[in-house]
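The values are calculated or read from the model by the stated rules, or taken from the named source; none is laboratory data. Every value quoted in this text rests on a predicted model; they were computed, and no experiment measured them. Here the Cβ positions follow ideal geometry from the backbone for every residue, glycine too, while neighbour counts run over all protein chains shown. Heavy atoms of the whole protein, side chains included, go into the accessibility calculation; ligands, DNA and RNA do not. Shrake-Rupley method; radii C 1.70, N 1.55, O 1.52, S 1.80 Å.
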Amino acid sequence: MVLLNPSTLRQDFPILSRQIHGKPLIYFDNAASSQKPRQVVEAMVAYYYQHHANVHRGAHTLSVEATELYEEARRKVARFINAPNPESLLFTRNTTEALNLVAQSWGRQNLKDGDEIIVSEAEHHANLIPWQLIAERTGAVIKAVRLTPEQRLDLEHCQSLLSSRTKVVAIAHMSNILGVVNPIRRFADLAHSVGAVMVVDGAQAVPHLPVDVQALGADFYAFSGHKMCGPTGAGALWARAELLRAMPPFLGGGEMIRKVYIDHSTYADIPMRFEAGTPNIAEVIGLGAAVDYLSGIGMQAIFEHDQALARYALERLEGLEGITLYGPRGDDRGGIIPFNLQGIHPHDVATALDSEGIAVRAGHHCAQPLMRALGVQSTARASFYFYNTEDEVERFVEALVKARDFFATFA
Ligand code: PLP
């Protein structure tokens, strides 16, 4: 049984009352981006209507107010992931930018020819390509942890890949396809045993479960606001302050400097060193409001709700003839269900579901190496959040049966 009361929470999300093709919307594409509650939109509107000015610059009242709202959001987001201090929480556009920042800034300074970067074959491209780019430049080599037969990351394989050349272990906290929550603390202990840094892609975890970056043993932790009820354009990178302080800037420009001369400059302390130019002020304030909203519900309750919906969906889908379900079963599984229907392209499945008002994603989900490991080109994917209900899962299962039977008539 689900724990939360989605019918009350749903009132905060006007979009959830929409009809799509004459049917009530069922939004099961939360792993791609969540919907936004009024509270987040209103925080951004209030900022624009009452407080807008550029931050960190002016002595005038509006600039002071805008700066205070922006910095208050930093304190909220830092507390939300139990960061030990707010200055080591940097705002970025999204997870992708945060991981590029780590790879370029930390990587340029710390990686050399023959060093090794360990990722997994289940990573999102955002946690692969930044490492490929820096590996090309530095001569570092990328190795990948493979999956166990149950489709979990193989910790023993990770251990066997470690050596004195390992400098980075970069793993997602929760898989955007398999739905599994990876044992980051254990990966971090392995990374630290050879002096490597632990980089965590938290894009799917921060929206869906309680995250404590200190307890996880992370050195870098990246996430996106738009998957956690916040607006697009605001994400974050948390890192251990001593690592950040030793890193060169990622982008250069206004705000990030101490002294500028024509041919050289000195740089500001963190966090400003990594926030060149005018930031996404309204979006960051919206992310702060999203954190308040999620904290009001409780992250443990959200995780248990997602898990209960996933268990229910898996039970209902398991018996469906022609379905292949991916990902492990167990308490480490969040609310993401990847699947294929035999003989039907996932895009056709998604289109058939859309005609019933149901939004799911189909494709390689920015994880082509994982698709290869699973032996498929693509999958369909349903992903849940706290505003989804068992009734919606029921309608989804009925729509899938209808789609399967419809396509069977052409087989
Ligand atoms: N990492 C994971 C696990 C994701 O699921 C995603 C987005 O789906 C990303 C990284 C990239 O997030 P963004 O596009 O917000 O940078």
Review point. If only Cα atoms are counted, what is the Rg of the range 157-247, and what is its Dmax, in Å?
Key: 13.6, 41
Practice item. Please report, in debye to the nearest 20, how large the charge dipole of the chain is about its Cα centre when each Lys and Arg carries +1 at its beta carbon and each Asp and Glu carries -1 there. Key: 620 debye
Point to revise | Coordinate range along principal axes, alpha carbons of the range 222-278, Å, largest first | key: 42, 25, 12
Point to revise | Positive-end residue of Trp238, Gly139, Gly319, charge dipole of the chain with Cβ unit charges | key: Gly139
Review point. Along the Cα-to-Cβ line of Ala411, 7 Å from the Cα, sits a label point; which residues in the range 303-325 have backbone N less than 19 Å from it?
Key: 317-325
Point to revise | Exposure of Phe406 as accessible area (Å², to 10), given a probe of 1.4 Å and all protein chains | key: 110 Å²
Revision key, fill the gap. Evaluated at 4 °C and 1.567 mPa s, the Stokes-Einstein D of the range 96-229 based on the Kirkwood radius over Cα pairs, in µm²/s, stands at 89 µm²/s
Practice item. Any chance you could list P(r) for the chain, counting all Cα-Cα pairs in 10 angstrom bins from zero, rounded to whole %? Key: 5, 22, 30, 25, 14, 4, 1, 0
Check your understanding: For the range 85-213, what is the accessible area per residue in Å² when the probe is 1.4 Å?
Key -> 35 Å²
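Given N residues in the range 289-335, what is its alpha carbon radius of gyration divided by 2.2 N^0.38 Å?
Dividing the Cα Rg of the range 289-335 by 2.2 N^0.38 Å gives 1.46.
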Practice item. Describe numerically, in nm with one decimal, the distance between label points set 7 Å from Cα along Cα→Cβ at Asp212 and at Asn82. Key: 0.2 nm
Revision key, fill the gap. With label points set 7 Å from each Cα along the Cα-to-Cβ direction at Glu315 and Ser295, the distance between them in nm comes to 3.5 nm
Practice item. Have a look at His21, Val55, Pro37 and report the one farthest towards the positive end of the charge dipole of the range 21-79, computed about the Cα centre with Cβ charges (Lys/Arg +1, Asp/Glu -1). Key: His21
Check your understanding: Over the range 246-288, what is the relative contact order in whole percent, taking alpha-carbon pairs under 8 Å and six or more residues apart?
Key -> 38 percent
Review point. Can you tell which of Ala103, Ala59, Ala367 shows the greatest fluctuation in a Gaussian network model of the chain with Cα springs below 10 Å?
Key: Ala59
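Can you tell me the relative contact order of the chain? Whole percent, Cα pairs under 8 Å, sequence separation 6 or more.
On the way: 818 pairs, mean separation 93.0, N = 411.
Relative CO of the chain lands at 23 percent.
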**Study point:** q = 0.09, 0.13, 0.20, 0.22 Å⁻¹, the range 1-117: log10 I(q)/I(0) [Debye, one scatterer per Cα]
**Key:** -0.46, -0.85, -1.22, -1.29
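In whole percent, and with a 1.4 Å probe on the protein chains, what portion of the accessible area of the chain is carbon and sulfur? Before the final figure, lay out each step's value.
Details: 8750 of 16880 Å².
Ligands and nucleic acids excluded, carbon and sulfur reach 52 percent.
With all protein chains present and a 1.4 Å probe, how do Thr61, Thr379 order by accessible area, largest first?
Thr61, Thr379
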Practice item. Please identify the helices of the chain, taking whole runs of DSSP H, that span at least 20 Å along their own axis as judged from the Cα atoms and have a mean Kyte-Doolittle score of -1.0 or higher. Key: 61-80, 281-297, 299-318, 390-408
